[in-house]
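What follows is a set of notes on a single structure, which appears directly below.
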């Protein structure tokens with residue numbers, strides 16, 4: 001049967017008209033074979049072309065890293081500086097939702113500790129108390145025409161979550177130095193930066209350094225509550241004095257180790273912008289009454305359906321803006337498939353986007369995020385409430401606004417029985433600082449001098465900092481803390497077992513000293 005089907009056992013046809021047999025699809029005639037060959041050649045050509053395009057895009061972007069020699073390592077008495085930071089941690093300068101008199105007293109005591117710890121600084125700089133407890137130091141420069149610089153940190157810390165005290169390996173306010181770390185609330189956020197700035201200035205002042213341009217040090221006392229009494233008041237004071245800085249540097253993104261896929265080197269992300277925040281109050285109405293005779297719809301049910309629609313209709317995501325700039329800086333330092341894929345986002349963009357959206361940390365870089373945080377409705381099990389409400393918090397990427405978000409929410413809900421209004425206190429996303437400015441280049445160079453092994457890239461700060469109040473008094477605002485962090489360290493931020501390595505803390509001091517020398521000049 002097989003011979004008959006394949007034409008075997010019969011007089012062969014002339015070769016020019018004989019079909020080629022294919023067990024899977026039957027006989028193939030010369031014209032079909034030619035078409036198949038042509039299709040295969042076309043496919044191969046397309047694949048070769050695609051491979052060439054992939055290779056070109058992968059390797060056309062050269063490294064954006066500044067080639068600078070490593071700076072000579074400044075000798076620091078690590079034991080002494082660690083002891084002073086540990087002493088700072090012992091002051092319970094906690095920002096509660098409701099201001100605490102004890103915390104205010106601790107701030108005053110902390111100020112006395114700083115005056116005692118840094119005598120050369122307090123002899124060379126002018127100190128002003130702003131908003132009751134915030135500190136503004138002025139280190140006058142020799143060139144009054146030169147734009148000043150502004151270094152920032154904050155004195156206050158968040159509380160320890162009730163019930164978690166026993167989970168700490170060290171007393172949260174004990175200021176312990178153990179296993180090569182300084183432990184306690186504020187060691188990282190943000191007394192580490194504050195004390196490192198003061199240590200650097202103290203060392204420079206003691207050595208007779210005088211900046212060519214004025215250097216401001218601004219240390220707010222209520223950053224964890226929004227900075228309205230502290231940083232905002234400092235910004236208002238500087239604006240009244242017509243002070244306008246070339247740049248401001250505040251706490252922010254970190255030197256991450258082992259977190260960026262495809263990059264073996266640590267990555268120093270410099271925040272060139274920070275997200276804004278708006279809370280939308282969503283209210284639904286219904287017929288109040290006894291639960292034994294419910295209406296077909298209820299306020300709580302209507303609100304629930306609206307919230308489901310809001311959560312399912314996220315603001316659009318895109319690998320552009322600051323996120324795009326970050327990838328452009330990091331991709332040339334990648335290896336393997338990550339470099340190929342991210343270098344060819346014109347083709348793999350949807351795939352990359354889908355992967356990044358899966359993780360909350362990277363999803364937040366790509367879009368204005370949606371978070372339902374509070375819901376209220378009803379007060380008795382047998383009474384139908386006439387109204388139910390929820391609070392939905394949105395963190396705004398640059399380019400989105402509070403008004404855009406409210407319009408989006410209203411369109412998504414599409415229900416006349418539900419209202420959506422922005423709560424008071426919304427903050428828009430910050431302007432995006434230039435990563436091509438002289439100030440950014442100087443910051444970049446300083447990072448590379450002090451941490452030669454790191455990759456420097458612009459990034460987006462997803463949280464809020466005091467620096468958002470300084471928009472009117474600085475050309476560019478950067479958010480960067482030279483704190484080394486691995487993935488397992490990130491939960492320590494505002495969490496349990498906050499700490500900083502003694503050696504890393506010494507690096508912070510070197511960094512701030514170098515930054516002042518590089519950007520403020522001096523004798």
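The values are calculated or read from the model by the stated rules, or taken from the named source; none is laboratory data. Bear in mind that the values here come from a model prediction, so they are computed numbers and not experimental data. Glycine gets a Cβ as well: all are built from the backbone with ideal geometry, and neighbour counts include every protein chain shown.
Kindly establish whether residue 399 is more than 23 Å from the chain's Cα centre (by Cα), at positive phi and not assigned by TED's automatic domain parsing to the domain that holds residue 468. When the stated conditions are applied, residue 399 does not pass them. Take the residues in region 308-336 that are free of Cβ contacts under 8 Å to residues at least 12 places away in the same chain and part of a helix (DSSP H, G or I), then tell me which one is surrounded by the most Cβ atoms within 10 Å (Cβ to Cβ). Filtering first and then ranking leaves 324.
Here is a yes/no grid of residues against (1) buried (at least 17 other Cβ atoms within 10 Å of the Cβ); (2) free of Cβ contacts under 8 Å to residues at least 60 places away in the same chain; (3) touching a helix residue (DSSP H, G or I) at 6+ places or on another chain (Cβ under 7 Å); (4) assigned to a loop (DSSP other than H, G, I, E, B):
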position	(1), (2), (3), (4)
64	yes, no, yes, yes
68	no, no, yes, yes
84	yes, no, yes, no
92	yes, no, yes, yes
104	no, yes, no, no
108	no, yes, no, no
121	yes, no, yes, no
129	no, yes, no, no
136	yes, no, yes, no
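Among the residues of region 225-244, those identified as buried (at least 23 other Cβ atoms within 10 Å of the Cβ) and in contact with a strand residue (DSSP E or B) (Cβ under 7 Å, 6 or more places away or on another chain) are 227, 230, 231, 234. Note on region 432-474: among residues that are touching a helix residue (DSSP H, G or I) at 6+ places or on another chain (Cβ under 6 Å) and under 19 Å from residue 243 (Cβ atoms), the one that is surrounded by the most Cβ atoms within 10 Å (Cβ to Cβ) is 466. Looking across 170, 144, 161, one residue alone is surrounded by fewer than 24 Cβ atoms within 10 Å (Cβ to Cβ), closer than 23 Å to residue 78 by Cα and out of contact with any helix residue (DSSP H, G or I) (no Cβ under 8 Å at 6 or more places or on another chain). It is 170. Whether a residue is closer than 30 Å to residue 407 by Cβ, assigned by TED's automatic domain parsing to the domain that holds residue 409, surrounded by 13 or more Cβ atoms within 10 Å (Cβ to Cβ) and touching a helix residue (DSSP H, G or I) at 6+ places or on another chain (Cβ under 8 Å) was assessed, and residue 343 does not pass this test.
Applying the criterion of at least 1 residues that are in the same structural domain as residue 187 (by TED's automatic domain parsing) and closer than 29 Å to residue 431 by Cβ to the strands (runs of 3 or more DSSP E) found wholly in region 455-501 leaves 455-461, 474-485.
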